[in-house]
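Each reported figure results from applying straightforward, stated rules to the coordinates on display, with no laboratory input. Remember, predicted model here, so these are calculated numbers, not experimental data. Cβ atoms come from the backbone with ideal geometry, glycine included; neighbour counts cover every protein chain shown.
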Amino acid sequence: MTAYELVDLAISLGNRIDVQIGIFITVHLAIFGGIIYVDRPLRGAEKAGSILLYLCFAGLNFRMMQSQLQILEGVYSQINTMSTRPCCSDFPVLAHMADQFRHGKFRLNFMFLVFSHLLMLLLVIASILLDNQVMRQMFSASSPQRD
């Protein structure tokens, strides 16, 4: 692959990861909105089903994002190798991407991925299990009344 093809591939993979993050955030907004605006507390079977469904979504989303990060790390590794060749020494974009690779950008990305998924897992499970009228009243008191 040429340097331009590697950079294009890295940008494309980065865009895919951004889309996955957008889906992840959108699903969580929908979950929290649904929990807050349901007129009654969830029943036991509904809570269990909700948690199971969420665990499937979160696990699948985590695995897809982890795979995409691993592929992107491989592309950055190739860019790092290519940046040291005489043909590409005057290519500042390659130098920048290689520098990110050498300074551990992907360790930080993976830690962010784990942390964000664990945090959302705790928040979703807590909001499903603690779904009751007190929480509803707390949220409805701060929002305008609906007719």
Which value in deg cm²/dmol, rounded to the nearest 500, describes the helix-derived mean residue ellipticity at 222 nm for the chain, given -39,500 (n - 2.57) per DSSP H run of n ≥ 4 and division by the residue count?
-> -29000 deg cm²/dmol
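At a 10 angstrom cut-off on C-beta neighbours, averaged per residue, how do the peptides 92-99, 44-51 rank from highest to lowest?
Those peptides, ordered most packed to least, come out 92-99, 44-51.
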Counting Lys and Arg as +1 and Asp and Glu as -1, what is the net charge of the other residues whose Cβ lies under 12 Å from the Cβ of Gln100?
-> +1
Among (i) 18.9, 66; (ii) 16.0, 48; (iii) 21.4, 70, the entry derived from the coordinates for Rg and Dmax of the Cα atoms in Å | (iii)
Backbone HN-Hα couplings from phi across the stretch 108-121 [Karplus 6.51/-1.76/1.60, Hz, Gly and Pro as x] = 5, 4, 5, 4, 4, 4, 5, 4, 5, 5, 5, 4, 5, 4
